[in-house]
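A short write-up of the structure that comes next.
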Amino acid sequence: MSCPSGHTPELTLARVLEVFLPEYLQGHAVPAHPLKVLRRLGRCRSPQLGWTIWQCQHCRRSHWRPNGCGDRHCPSCQHQLSHHWLERQRQALLPVRYFHWVFTLPAQLRPLALQNPQPLYDLLFQSASATLLQFGQQRFGAELGLTAILHTWGQNLMHHPHLHCLVTGGGLTPQNTWAGPKQARWLFPIHAVSQVFRAKFCAGLLQLQAAGKLHFHGQLQPLADPAAFAALLHQLRSRRWVVFAKGSVVGPDHVLDYLGRYTHRVAISNSRLRALDHQAGTLSFTYKDYADASRLKTLTLRGTEFIRRFLFHLLPQGFTKIRHYGLLGNNRRTQQVARARLALELSPLRFAPKTAPSPTPPARPPLACPYCQATTLRCVARIDGSGKWTLFAGARGPDLPRFLDTS
């Protein structure tokens with residue numbers, strides 16, 4: 001059964017996987033967890049996951065909407081999750097400037113990260129956060145607050161692991177005062193941060209190798225030899241690592257909007273998908289070419305190559321891709337944020353915008369009834385993929401199927 005359900009993109013990731021995944025699986029072995037994710041994504045908004053029935057409290061008519069998969073890699077399911085997450089973070093905002101840092105894993109380490117995603121992504125979080133917190137202690141004698149978000153992709157879907165960090169402009173001292181930079185453009189010297197980050201990551205990588213926590217397969221098998229691994233470390237230590245500082249975000253009124261650009265992004269959004277050619281077995285999507293003044297271009301790939309690249313960005317099971325450190329650490333955030341706000345009340349570093357803050361953008365529009373356009377909708381029933389019904393209280397209406405009556 002189908003019904004009006006609002007605008008749906010003509011081409012979605014679920015549709016792409018439905019078409020090309022069977023062919024890909026014929027020629028490639030996919031581990032159990034990534035395969036489970038791919039199949040779940042391919043069933044998003046399909047009858048296989050069941051339906052939700054919404055009843056309009058104005059006209060009393062009902063309509064059906066297909067259920068989403070809810071997977072964190074799904075572009076169709078992440079927008080609302082991002083909105084809810086950002087609203088929770090509002091409670092920890094401080095009246096200071098925030099600074100955006102990006103830490104990128106060198107190209108030489110990307111093949112190793114694909115074979116060992118959990119330990120290397122963990123190490124990326126640990127090294128970047130420890131570097132920023134160390135500079136906060138050395139420069140200001142204070143504990144910063146930071147939120148770090150892992151992205152693993154470039155615009156062309158190739159593997160490009162990097163960490164976005166949003167950092168408070170200063171921190172809380174042991175005396176419960178606020179200390180921070182006197183100027184607002186930059187927080188720390190970029191080259192110095194890059195050097196410390198490189199040293200911490202290389203030291204951590206050596207510890208992982210010594211503890212036997214790294215695996216080397218295929219072309220990386222020679223790195224199992226300690227001499228070859230030492231040569232790789234020497235090469236990494238002799239090169240400059242890419243650390244990018246974007247300067248300060250205007251202030252707390254804009255922080256959530258800024259964070260929303262990064263938090264629940266996935267490797268590719270449905271809006272970038274352009275054309276699926278069954279006969280040629282290809283998929284076209286748009287991308288920004290940063291080497292050509294960020295011009296928008298179209299890339300066409302074999303459907304199987306698209307899936308191969310997409311698999312680079314499926315995170316390990318249970319992996320946390322958004323983490324908080326320092327003042328914002330989950331285990332003591334409430335206490336430390338309260339102390340920081342108290343310290344900022346009398347601090348000259350408290351952010352005071354020169355102009356009135358821009359109005360908060362409206363929340364995502366509520367669902368509207370496809371018959372009378374009223375927004376007074378209530379979820380009255382669900383049916384899962386196996387055909388099992390769940391009827392909620394208040395389910396009444398002239399067009400609700402009689403077999404929904406569980407009495």
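The values are calculated or read from the model by the stated rules, or taken from the named source; none is laboratory data. All values derive from a computational prediction rather than experimental measurement. So basically every Cβ, Gly included, is an ideal-geometry build from the backbone, and we count neighbours across all protein chains shown. Each accessible area value is taken on the protein alone, full model and side chains, heavy atoms only, with ligands, DNA and RNA left out. Shrake-Rupley method; radii C 1.70, N 1.55, O 1.52, S 1.80 Å.
Listed values, structure above:
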| read-out | value |
| --- | --- |
| Residue satisfying condition, being in contact (Cβ under 8 Å) with a residue 12 or more places away in the chain, surrounded by fewer than 16 Cβ atoms within 10 Å (Cβ to Cβ) and not aliphatic (A, V, I, L, M), within set 60, 40 | 60 |
| Residue within the stretch 150-172 that is under 30 Å from residue 270 (Cβ atoms), open to solvent by 10 Å² or more (accessible area, probe 1.4 Å) and either small (Gly, Ala, Ser) or assigned to a helix (DSSP H, G or I) (or both) present | yes |
| Output for the stretch 191-238, where each listed residue is touching a Pro at 6+ places or on another chain (Cβ under 6 Å) and either exposed (fewer than 13 other Cβ atoms within 10 Å of the Cβ) or part of a loop (DSSP other than H, G, I, E, B) (or both) | 213 |
| Residue identified as surrounded by fewer than 17 Cβ atoms within 10 Å (Cβ to Cβ) and either over 30 Å from residue 95 (Cα atoms) or hydroxyl-bearing (Ser, Thr, Tyr) (or both) among 304, 334 | 334 |
| Considering residues of the stretch 104-122 that are in a helix (DSSP H, G or I) and open to solvent by less than 10 Å² (accessible area, probe 1.4 Å) only, the residue nearest to residue 162 (Cα to Cα) | 121 |
| Any hit, the stretch 323-330, residues being exposed (fewer than 11 other Cβ atoms within 10 Å of the Cβ) and either in contact with a Cys (Cβ under 8 Å, 6 or more places away or on another chain) or within 30 Å of residue 179 (Cβ to Cβ) (or both) | yes |
| Condition broken by residue 297, with the remaining ones in (1) in contact (Cβ under 8 Å) with a residue 12 or more places away in the chain; (2) within 30 Å of residue 23 (Cα to Cα) satisfied | (1) |
| Filtered residue count, the stretch 136-146, keeping only those that are open to solvent by less than 10 Å² (accessible area, probe 1.4 Å) and under 27 Å from residue 208 (Cβ atoms) | 3 |
| Sole exception among (1) open to solvent by 60 Å² or more (accessible area, probe 1.4 Å); (2) under 29 Å from residue 321 (Cα atoms); (3) part of a loop (DSSP other than H, G, I, E, B) for residue 30, by number | (1) |
